Amino acid sequence: MTSTADALSSPSSLAWARRRGSVARFWRSYRTHRTGLLGLGALAVIALVALAAPLLVGGDVQSVTNAPGSALDSPSGEFPLGTDQFGRSLLGLLIWGARISLTVGLMAAALSVAIGTLVGILAGHFGGWFSTVVMRITDWFLVMPTLVLAIVLATVMSRSVWTVILAIGVTSWPTTARLVRAQTLAVESRPYIERATALGGGHGHIMTRHVLPNVMPLVLAQTTLGISHAILTEATLAFLGLGDPDVVSWGGMLQDAREAGAVSSGHWWYLAPPGIAIALVALAFTLCGRTVESVLNPKLGVSTR
Amino acid sequence: MDTEIPRSTRQRPRTRTLLVVGATALALAAAAATPLNPAPQQAKAAQADAKRTLTVAVSQSIDSLSPFLAQRLVSTSVHRLIYENLTNYDVKDNHAVPGLATKWEPSPDKLTWTYTIREDSSWSDGEQATAEDAAWTFNTMMKDEGAATANGSFVANFKKVTAPSPTRLVIELKKPQATMAALDVPILPRHEWEKVGDFSKFNNDKKFPVVGNGPFVLTDYKVDQYVKLKPNEKFWRGAPKFDELVLKYYKDGDAAVAALQKGEVSFAANLTPAQAASLSKTENIKVNDAPGRRFYALATNPGARSKDGKKFGNGHPALLDQRVRQALFAATDRKTIIDKVFQGHAVEGEGYIPPRFPAYHWKPSAGQKIAYDPAKAAALLDEAGYKKNSAGKRVGKDGKPLDFRILCHATDPNDKAIGKYMQEWWGELGIGLKVECLDNVSDPWLAGEYDLAFDGWSVNPDPDFVLSIHTCAALPATPKDTGATDNFICDKKFDQLYAQQTAEYDEAKRAGIVKQMQSRLYDTGYMNVMAYPNAVEAYRTDQIKSITTMPESGGNLWGQDGYWSWWSAVPADVDDTSGEGGSSTGLVVGIGAAAVLAVGLGIFVAMRRRSTAEDRE
């Protein structure tokens, strides 16, 4: 091992070792939380089912013309959760619907947190009138009822999955923005930021190399929590008939059930499974999010060891 | 480090709180699910000491309460109840019977009709209803464009309307008109309506009670909440038996059915097959499944245009080809629609006028019929120049794929369901279909911004109106105007036949021409009737003792051609002590499902609470 090679490799390898170490530390701490493990386990199962849906049930499950059953059959050996008004297997639809519900949840939460982080860091870093203006805009979004705004957006734009993602994403970022801004202010008041500035670090350097890594734990926790919110909102929008009518999602199934008159005619097997699925996934993400938060948040992290 | 111990001890109670929350929610759910729900009794008790109210669940919004503007079924149904037309339809066989007029006859040259107006009909403010009111109503519609919006087709051919005496109305025509005994025009009180300035803006919904002379008087109306009507004690045919008639809004069909099950409403229409099946097993509820007076069609945009010749909208150019229109219909399996979507509560569509009106109903001959035949549809499309490309999509000569949009009513589950089927049937042919479900389809519809649309009209005993909406005369005057046209159809041959039938006073001959018109319409492929949906409705037998359907044997109740159902409804004895009609498994299950969600939510909230607690520490 030559000295040059050593000099080249050591900083990055050191960094990687440090990252590995922190991940391991994170995991050690995470696995002490039973609820977090429970949520993670549930999520793993659901994600696996959603990914394997083409193998488990096949895309044909959505087809109305090739529906195998008759309308609104009660649960039986062939259809463990019964059938919908077209005679399609509800279990198959439930599994297939997990894909959309999870995709929308993840994407919308990611979008919302991305916007929130960007706004929060910018506002926190630059301060002054810029911060005031940006935060007033944030406040405006914060006081707007999310659902109403999302409904308006989903109504104005064409009906598609992307519309729903966008509608949820652009309406739910203000909380993240506020949190991130506070964290940014806290980080930037530390002496090493001053040192970095003195050594010639520009705005971009400070924001991406120092502030962002420090707000990342917060962002990560916020994302995990945001997903359950996004899934619930997606289900709400689909239930209100604002989702993409061409795709099967859990909220959409509830809407279909309502339209078929399943509520008043007592076909519980149509209503209960998607409802329970939504509740379970939202719960699982919340459990994980809480745990991640308490592991990563320095103020809470110590106590839970 | 000193916080370590207290925190970890606090962790346990928290999980316990969580469990408690869950358990409470479950207990609540159980409580709600057991049949101690007191609502039905309350409803009954309220009914016993107060007036006997007939509550009807409706979902369609009222477009206007002015008879000059109202076109929707719910509005015209209200108008049937509060105003008299010159004639009414017999409840048994739809022949014209006296309304405000007791007698009507044409002159030998067919151009002058004389109506004798009854003397025992008075407006609800005490004034006598006379021929003068009728003449004023028709004259206003003839003079004022705004007043002709809804029923202009009836008076388009009128030359002069006069009232030589209070009991005599004389209508002179330009050309003979066969619909003179079936003028579905509510006669309005002149002394009230003369004060109105702009008829195209006046909605008749500010001053209550509304002055009328029908079996009911409109006493109150709140947009999308209720329409309240009181019986007209002086009504010449006899006052209705109920003390009040309320049309109550339930935008959600399930909510309406739940209200029916609980006894909050006496009547609900437009049931889904599942609801009908479950209600027919419920005590004290009678399900009425009658042949409907509606047709349910696939309309194709023939290229929207106005009378001044301007084209507008953005209908797909491929639909201008008759072969494409017929191919689409040939690739639509009507039998599956009846069996799967309507689940038997409909009749397969053929001609334009439903079989409920046997005199005018028409069937295509075996050779003419466009049966479900995907192979023939493919051949037609090939012939029209839309061949399948390597990706299995049909493309035109310009290389553009054949992708259609279909306008669907977001409020009608059948539209959405049939849209799903069409996507698959037509997808196999290589045609793309985008189902655009909107709460308000009128805007794109009137602007001609659609390719295909789910369309349906309630047909009157006299077919003139539903035929008139497909004539060139019904097109809007300019692209900015709203015409009476349904689907921008303007076909010379159809118009010729329409003029012929209007002038034909011989009923059998007229029916023959009407059938030819339907044949023509069928061939053009602009209006493809897929089904005649049944009227599936239900009412509480412990609140309504008897009610007249129309036709009297096996007919429907909501949206009749007349006021027969609500006028004839007899309340059930109020001291009726038939038990618990309301507790249904459906409701219990619904609450159960909601409870499960509530548990999830409870847990969720508990977690959130916990988090904020932690944050505060």
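Bear in mind these aren't lab numbers, they're just calculated from the coordinates by the rules spelled out. Worth saying up front: this structure is predicted, and the values here are computed from it rather than measured. Cβ: placed from backbone, ideal geometry, glycine included. Neighbour counts: every protein chain shown.
For B:Leu433, nonlocal amide neighbours, meaning residues 5 or more places apart or on other chains whose placed amide H falls under 5 Å from its own, are B:Phe404. Build a GNM of chain A with springs between Cα atoms under 10 Å apart, and of A:Met144, A:Met253, A:Met135 the one that fluctuates most is A:Met144. Residue separation of B:Lys397 and B:Glu145 scaled by 0.36 nm, minus their Cα-Cα distance, works out to 86.3 nm of gained length.
At q = 0.10, 0.13, 0.17 Å⁻¹, what log₁₀ I(q)/I(0) does a Debye calculation on the Cα points of segment B:294-533 give, no solvent, two decimals? Treating every Cα as an identical point scatterer, log10 I(q)/I(0) equals -0.45, -0.79, -1.36.
Only Lys, Arg, Asp and Glu carry charge here, each on its Cβ (+1 for the first two, -1 for the last two); on that basis segment B:341-464 has a dipole of about 580 debye about its Cα centre.
When Rg and the Kirkwood radius Rh are both evaluated on Cα atoms of segment B:60-214, their ratio Rg/Rh stands at 0.94.
Simple spin-label estimate for B:Asp224 and A:Phe130 gives 4.4 nm between the two label positions (7 Å along the Cα-to-Cβ direction from each Cα).
Each of B:Trp426, B:Trp567 was scored by other Cβ atoms within 10 Å of its Cβ. Arranged with the fewest first, they read B:Trp426, B:Trp567. Ordering A:Cys288, B:Cys472, B:Cys408 by the number of other Cβ atoms within 10 Å of each residue's own Cβ, fewest first, gives B:Cys472, B:Cys408, A:Cys288. Considering only A:Ser265, A:Ser131, A:Ser12, the mean-square fluctuation computed in a Gaussian network model of chain A, springs between alpha carbons under 10 angstrom, is largest for A:Ser12. For segment B:294-533, relative contact order (Cα pairs under 8 Å, six or more residues apart, normalised by length) works out to 34 percent.
For segment A:1-147, what does the relative contact order come out to in percent, with C-alpha contacts under 8 Å and a separation of six or more? That works out to 13 percent. About its Cα centre, segment A:9-69 has a charge dipole of approximately 680 debye under the convention of +1 per Lys or Arg Cβ and -1 per Asp or Glu Cβ, with nothing else charged. When all alpha carbon pairs of chain A are counted in 20 Å bins from zero, the resulting P(r) reads 28, 48, 21, 3 %. Summary of the geometry: segment B:126-163 and segment B:262-300, compared by the centres of their Cα atoms, lie 37 Å apart.
Which value, in Å³ per residue, describes the convex hull spanned by the Cα atoms of segment B:153-292?
189 Å³
For a label point 7 Å from the Cα of B:Asp481 along Cα→C-beta, name the residues of segment B:154-186 whose backbone N is under 19 Å from it. From segment B:154-186, the list is B:154-159. In the protein assembly as shown, taking the dipole from charged Cβ atoms about the Cα centre, the farthest positive-side position among B:Ser64, B:Leu452, A:Leu91 is held by A:Leu91. When the alpha-carbon atoms of segment B:103-194 are used, the pair Rg, Dmax equals 12.8, 39 angstrom. Mean partner shielding of peptide A:271-281, defined as the number of other chain Cβ atoms within 10 Å of each residue Cβ, is 4. Computed over neighbours whose Cβ is under 11 Å from that of B:Tyr526, the net charge equals -2, Lys and Arg +1, Asp and Glu -1. Of the residues B:Thr471, A:Thr83, the one with the fewest other Cβ atoms within 10 Å heads the list, and the complete ranking is B:Thr471, A:Thr83.
Using only alpha-carbon positions, what ratio does the radius of gyration of segment B:242-295 give when scaled by 2.2 N^0.38 Å? Please report the intermediate quantities before stating the final value.
Working: Rg = 11.8 Å, N = 54, 2.2 N^0.38 = 10.0 Å.
Compactness ratio reported: 1.18.
The DSSP beta bridges internal to segment B:294-533 are antiparallel in roughly 65% of cases. Expressed in Å, the radius of gyration and Dmax of the Cα atoms of the protein assembly as shown are 33.3, 121.
Can you give the FRET efficiency for B:Lys509 and B:Lys159, using 1/(1 + (r/R0)^6), R0 = 30 Å, r = Cβ-Cβ distance, to the nearest 0.05?
Once the sixth-power term is evaluated, E becomes 0.80.
At a Cβ-Cβ separation cutoff of 4.7 angstrom, cysteine residues of the protein assembly as shown with no neighbouring cysteine are A:Cys288. With a Förster radius of 51 Å applied to the C-beta separation of A:Leu212 and B:Lys434, the computed FRET efficiency comes to 0.75.
Charging the Cβ of each Asp and Glu at -1 and of each Lys and Arg at +1, and nothing else, the dipole of the protein assembly as shown about its Cα centre rounds to 3340 debye.
Relative contact order of chain A: what whole-number percent is it, with Cα pairs under 8 angstrom and at least 6 residues apart? Could you put the intermediate results ahead of the total?
Details: 412 pairs, mean separation 73.0, N = 305.
For chain A, the relative contact order is 24 percent.
Two numbers describe the Cα atoms of segment A:179-305: Rg and Dmax, which are 21.9, 73 Å. Taking 14 Å as the cut-off, the amide N atoms of segment B:487-516 that come nearer than this to a point 7 Å along the Cα-to-beta-carbon line of B:Gln71 belong to B:487-489.
Each Lys or Arg adds one and each Asp or Glu subtracts one; over the other residues with Cβ under 13 Å from the Cβ of B:Phe158, this totals +4.
Ordering B:Ala379, B:Gly427, B:Asn414 by the projection of their Cα atoms onto the charge dipole of segment B:294-533, which places +1 on the Cβ of Lys and Arg and -1 on the Cβ of Asp and Glu, puts B:Ala379 at the extreme positive end. Comparing A:Leu51, A:Ala167, A:Ser22 along the charge dipole axis of chain A, the residue lying farthest to the positive side is A:Ser22, per the Cβ-charge model.
Overall form of segment A:26-78: prolate. Here a/c, set by the Cα gyration tensor axes a ≥ b ≥ c, is 1.5 or more, and a/b is the larger of a/b and b/c.
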